[in-house]
Amino acid sequence: MGDEELAKDLGLLSALTIGIGTMIGAGIFVLPGVAASTAGPVVVVSFVIGGSIAMVNALSVSELGTAMPKAGGGYYYVNRALGPLFGSIAGLGDWMGLAFASAFYSIGFGQYLTTLLPIPGVLFLSDIQVGALIAGVVFVGVNYIGAKETGGLQTVIVTVLLVILALFAIQGWLSFDLGTLLSDGGLAPLGYGAILPGTALIFVSFLGYAKIATVAEELKNPGRNLPLAVIGSVAIVTVVYAVLVSIMLGVVPWPDLSQTAPLTQATQVAFPGGLAVVAVTIVTLGALLATASSANASILASARINFAMGRDRIVTNWLNQIHPSYATPYRSIVLTGGMIVVFIALLGQDIEVLAKAASVLHLVVYALMNAALIVFRETDPEYDPAFRVPLYPLTPILGMVLSVGLLAFVGQRELLLSAAFVVAALVWYFVYARRRTDRQGLLGRYILNRQEKLPSSVVDAAATVAPDGAGVTPPTTMVALSNPRTEHSLVGLAAALAKDDGGRLLATHVVQVPDQTSLAAAAEQRKRLSETSDQLLADARADAEELGVPIETRTILSHEGLAEVFEAARSSEVDRLVMGHRGTRLAGGRAEGRLDELIHDLPCDVLVLDERGFDPSEILLPTAGGHSSELSAEVARALQATVGADVSVLHVADDPTAGREFLEDWVADHELDKAELLVETGDVETAIGNEATGRTLVVVGATERGLLSRIVGGSLTLSVLDDLDTAVLLAERPHTRPLRERLLGR
Amino acid sequence: MVVLRHVAVPIANDDDVAETATALDPYLDEIHRVTGIHVIETRPGAVNKAPLEKRRADAERFLAAFESRLAGRVGADTRIVFGADIAEMIAETADEVGATAIAFRSRGSGRLARLLSGNTTARLVTDPDLPVLSLGEGQRRLGESAPRRKRPDVEGT
């Protein structure tokens, strides 16, 4: 296999430029005008406070990111620590937050684009919205196709931006006038109470640092580079914001600062005559570049979050399919792109709504992330981050308090929006994700493991929200494979059954080693053996995945084929075992010696398919009632439900009327409502032989104990089954299995 | 034919497995060894276009499928490599495993995609270090009696 280290090619500079490039677009180019009008010149303090809140969170992100350099960032940590309930909130929040942020960046792009080109408004959309929609569609398209991009490009973009901003800063400083800054009502014309609402508005300018954590798996030496990039980008950006916004407000009085293209306006004022035109064009191009790179990074990050959520089955993994030609997660990108377009079209009139919605959702995620950090530190003995936040537990608690505290200043509309979102995420968890995910959080496990010591209300709450899959193993269908030729049939049958009960597959390859070979010697030949085995199991995996059933695989080396299969079935507590038989061989091996003992003590329901293949389209189910016909009825019902099998039930009786009555009762008892009923008189074997013709599968329940033993013992007298062209599936349910176990569905 | 002794076969995705294996089928009697190669395209220094873990898991799956399709007929092996330039990585890996030729199914791509991402086929066949065999659709052998091509159809793409 290829060198995985090769794939980690984001160095410190690249990571730093991802952070800076994502953040710088918003704070300088888009928001100063809007922010200044809500707070006056003290808005500079709003930026500094925003940077400080971001910094506290950046410390926590750095610790979590170095402990788990995984795709998905915040969602991943929260889901691990706090479980899928909070994981759903964090994942969906991060995702929606990024979509809102991308819509916001696109609007910013549109604002500057309209200063360059005249764009018409269309229908209810303003010219800015039309420009933003064009931009949004292009950003999504570029990520759909996955255009070539190298680290050089991002570094160049960020360097160019910093140079442009530096030039503006120098020229702006020359025309800076304290009188202009204080002209209209001093530093805080709207009162110091406007500072925090200002922070809530501009916090969107700091959303870039966490993107570095969403691509942590691609970083070189994440233990060092991640904290440096995350903390460094927040520090740099905070300084840049504070300096540049101060200068802007010293060039253009705050009430006059443009709401849509503030930096262009300030440039125009700051640069002298002839130079102004060139400078404005350069700044405008810089603004387009900055907002585009922010949107681009956000769209990329959202696909990482989808991937991490899909892996935990909080959203469908269908979303994460890779495009066959472009090798991009195109479905995720299109869905996120669709949300961006909708947000631009419906909410783009007011950039404040988009900015705050993005901030609110991210703040919720940050608060959860800090809680996750505490849970990791307190409950996970294996938690070992390369970077640790200073002043634990003060830092994460402060991060939580600040994140939640800032929510209080965003305004009622956005707060309602975030409440509605949390409710929607909870509904999503309980309706969709809870049945599918099986990953319980550290916190839930911690609480449930300490039931005696903790108040019962806490324990009850933890148990109530735990995912359905946690603790309870799903029903398992084991399939014993031996022959590549029959693999497909056996896995097809087993997967259909597993799908019906929402369970999973355990595919085993039992390699029977001759007695004279020691198991140690066999292990040495393992390479050769494992090649065959890997292939067989890889096929099984591919088949099961195609059918959408989770699968585990295992290879067993053994002297005693069948005994080992049964032993594995017993120790894995499987619910049914599917295997093939050929002549007198079961599961690829001849069961010798302990045969009777074995056969009379089945570990679970056993289904044996002969080698004529598995085609369940037309099933014949002969029944005379009795114990194992329950199992054959179950199998037929499952195949009806999952692969749309046509089932015909056959009963042979002396009296046709009594026979039909029996059959109607039997079918009703076994809930086989859509089956065709066949009643025959005369010889059982002939009747089966006649009816089997033209059908594809005969399912036979063992009438009395020992149908299986008669196959392997070679004394099967139902010779008709051997003469059929139709495949035969034998089903036997163990007699000894206590009713209680069966009810509990062990 | 000595040129087919050890053939490096790039596999791009799930669909490519069956197509390539079918196309390769007529030549399997002459081939001793096949190495299936999947290149995961990376963007050095920039965020990759898809999560790498996902790409790797997918690649493992379809390379295993490819390997098992050939198993028992020729010696088969697989490689996953990472690199920015797909054509270059295929050539490099083929060289590394000691392949005597590269055989592949050309996959059409649109003009826009070609412009943006370069066309792997074109770059693979331009000035190659190893003989390059561009496979036709091949013949699906339904029964043993189906006719079999003896010679590589170099022109068919």
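The values are calculated or read from the model by the stated rules, or taken from the named source; none is laboratory data. A quick note: this is a predicted structure, and the numbers were derived from the prediction, not measured. Glycine gets a Cβ as well: all are built from the backbone with ideal geometry, and neighbour counts include every protein chain shown.
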remark   = Checked the stretch A:317-333 for anything out of contact with any Pro (no Cβ under 9 Å at 6 or more places or on another chain) and either more than 8 Å from chain B (Cβ to nearest Cβ) or in contact (Cβ under 8 Å) with a residue 60 or more places away in the chain (or both); matches are A:Asn317, A:Trp318, A:Tyr326, A:Ala327, A:Thr328, A:Tyr330, A:Arg331, A:Ser332, A:Ile333
message = Just checking: which of the helices (runs of 4 or more DSSP H) contained wholly in the stretch A:634-746 hold 2 or more residues that are at pLDDT below 80?
response = A:684-692, A:707-712, A:719-723, A:739-744
inquiry  = I'm trying to understand the selection: among the residues of the stretch B:84-110, which are surrounded by fewer than 19 Cβ atoms within 10 Å (Cβ to Cβ) and either more than 8 Å from every other protein chain (Cβ to nearest Cβ) or at pLDDT 85 or above (or both)?
reply    = B:Asp85, B:Glu88, B:Glu92, B:Asp95, B:Glu96, B:Val97, B:Gly98, B:Thr100, B:Ser106, B:Gly108, B:Gly110
remark   = Only one of A:Ala279, A:Ala292 is away from chain B (no Cβ under 13 Å), surrounded by fewer than 24 Cβ atoms within 10 Å (Cβ to Cβ) and closer than 22 Å to A:Gly97 by Cα, namely A:Ala292
query = surrounded by 15 or more Cβ atoms within 10 Å (Cβ to Cβ), β-branched (Val, Ile, Thr), within 14 Å of another protein chain (Cβ to nearest Cβ) and part of a helix (DSSP H, G or I), is that true of A:Thr155?
reply = yes
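Kindly indicate whether any position in the stretch A:334-353 is part of a loop (DSSP other than H, G, I, E, B), in contact (Cβ under 8 Å) with a residue 12 or more places away in the chain, within 24 Å of B:Asp14 (Cβ to Cβ) and within 14 Å of another protein chain (Cβ to nearest Cβ).
no
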request  = Would you check which residues across the stretch B:63-83 are at the interface with chain A (Cβ under 7 Å from one of its Cβ atoms) and either closer than 16 Å to B:Asp25 by Cα or not in a strand (DSSP E or B) (or both) and list them?
outcome  = B:Ala64, B:Ala65, B:Glu67, B:Ser68, B:Ala71
ask   = With respect to the numbered conditions (1) surrounded by fewer than 21 Cβ atoms within 10 Å (Cβ to Cβ); (2) more than 14 Å from chain B (Cβ to nearest Cβ); (3) in contact (Cβ under 8 Å) with a residue 12 or more places away in the chain, which one is the sole condition not fulfilled by A:Lys356?
value = (1)
inquiry  = Criterion first (under 28 Å from A:Thr532 (Cβ atoms) and not in a strand (DSSP E or B)) does B:Ile37 satisfy it?
reply    = no
note = Going through the stretch A:265-276 in order, the residues found to be of a type outside the set (Gly, Ala, Ser) and crowded, with 24+ Cβ neighbours inside 10 Å are A:Thr267
ask   = Among A:Phe176, A:Phe124, A:Phe104, which is the only one that is at pLDDT 90 or above and more than 14 Å from chain B (Cβ to nearest Cβ)?
value = A:Phe104
query = Has the stretch B:55-62 got at least one residue that is in a helix (DSSP H, G or I), more than 9 Å from every other protein chain (Cβ to nearest Cβ), buried (at least 21 other Cβ atoms within 10 Å of the Cβ) and among the aromatic types (Phe, Trp, Tyr)?
reply = no
query = What tally of residues in the stretch A:38-57 results from selecting those that are farther than 22 Å from A:Leu354 by Cα and at pLDDT below 90?
reply = 2
message = Could you list, ordered by first residue, the pairs with Cβ atoms under 9 Å in which the first is in the stretch A:151-166 and at pLDDT 90 or above and the second is surrounded by 15 or more Cβ atoms within 10 Å (Cβ to Cβ) and not in a helix (DSSP H, G or I), at least 6 apart or interchain?
response = none
key: Subset of the stretch A:640-675 that is within 43 Å of the chain's Cα centre (by Cα) and among the acidic types (Asp, Glu) - its residue that is surrounded by the fewest Cβ atoms within 10 Å (Cβ to Cβ)   = A:Asp673
key: Residue under evaluation A:Val608, criteria (1) in a strand (DSSP E or B); (2) within 13 Å of A:Leu697 (Cα to Cα); (3) at pLDDT 85 or above; (4) aliphatic (A, V, I, L, M), criterion not met   = (3)
query = exposed (fewer than 15 other Cβ atoms within 10 Å of the Cβ), under 47 Å from the mean Cα position of the chain (by Cα) and not in a helix (DSSP H, G or I) - does that describe any residue in the stretch A:176-191?
reply = yes
query = A:Ile236 is checked against (1) modelled with pLDDT under 90; (2) part of a helix (DSSP H, G or I) and fails just one. What number does that condition carry?
reply = (1)
remark   = Restricting the stretch B:1-32 to residues that are under 23 Å from B:Glu88 (Cα atoms) and among the β-branched types (Val, Ile, Thr), the one nearest to the other protein chains (Cβ to nearest Cβ) turns out to be B:Val17
request  = Would you please name the residue that is modelled with the highest pLDDT, looking only at residues in the stretch A:1-12 that are within 8 Å of chain B (Cβ to nearest Cβ) and surrounded by fewer than 24 Cβ atoms within 10 Å (Cβ to Cβ)?
outcome  = A:Gly11
Residue check for A:Ile314: crowded, with 23+ Cβ neighbours inside 10 Å, over 19 Å from A:Gly27 (Cβ atoms), within 11 Å of chain B (Cβ to nearest Cβ) and of a type outside the set (Asp, Glu) = no
request  = Tell me, yes or no, whether the stretch A:95-118 has at least one residue that is touching a helix residue (DSSP H, G or I) at 6+ places or on another chain (Cβ under 8 Å), among the small types (Gly, Ala, Ser) and surrounded by fewer than 18 Cβ atoms within 10 Å (Cβ to Cβ).
outcome  = no
key: Criterion: more than 17 Å from A:Ser359 (Cα to Cα), touching a helix residue (DSSP H, G or I) at 6+ places or on another chain (Cβ under 7 Å) and surrounded by 23 or more Cβ atoms within 10 Å (Cβ to Cβ) - qualifying residue of A:Ala15, A:Ala35   = A:Ala15
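Does A:Gly21 fit the bill of being within 14 Å of chain B (Cβ to nearest Cβ), surrounded by 23 or more Cβ atoms within 10 Å (Cβ to Cβ) and over 30 Å from A:Glu382 (Cα atoms)?
On the way: within 14 Å of chain B (Cβ to nearest Cβ): yes; surrounded by 23 or more Cβ atoms within 10 Å (Cβ to Cβ): yes; over 30 Å from A:Glu382 (Cα atoms): yes.
Yes; evaluated as a whole, the condition is true for this residue.
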message = So, in the stretch B:84-101, how many residues would count as being among the polar types (S, T, N, Q) and in a helix (DSSP H, G or I)?
response = 1
ask   = What single numbered condition from (1) farther than 16 Å from A:Leu226 by Cβ; (2) away from chain B (no Cβ under 14 Å); (3) not aliphatic (A, V, I, L, M) fails to hold for A:Gly74?
value = (1)
inquiry  = For the structure I just gave you, tell me whether A:Leu82 is modelled with pLDDT under 90, of a type in the set (A, V, I, L, M, F, W, C) and surrounded by fewer than 24 Cβ atoms within 10 Å (Cβ to Cβ).
reply    = yes
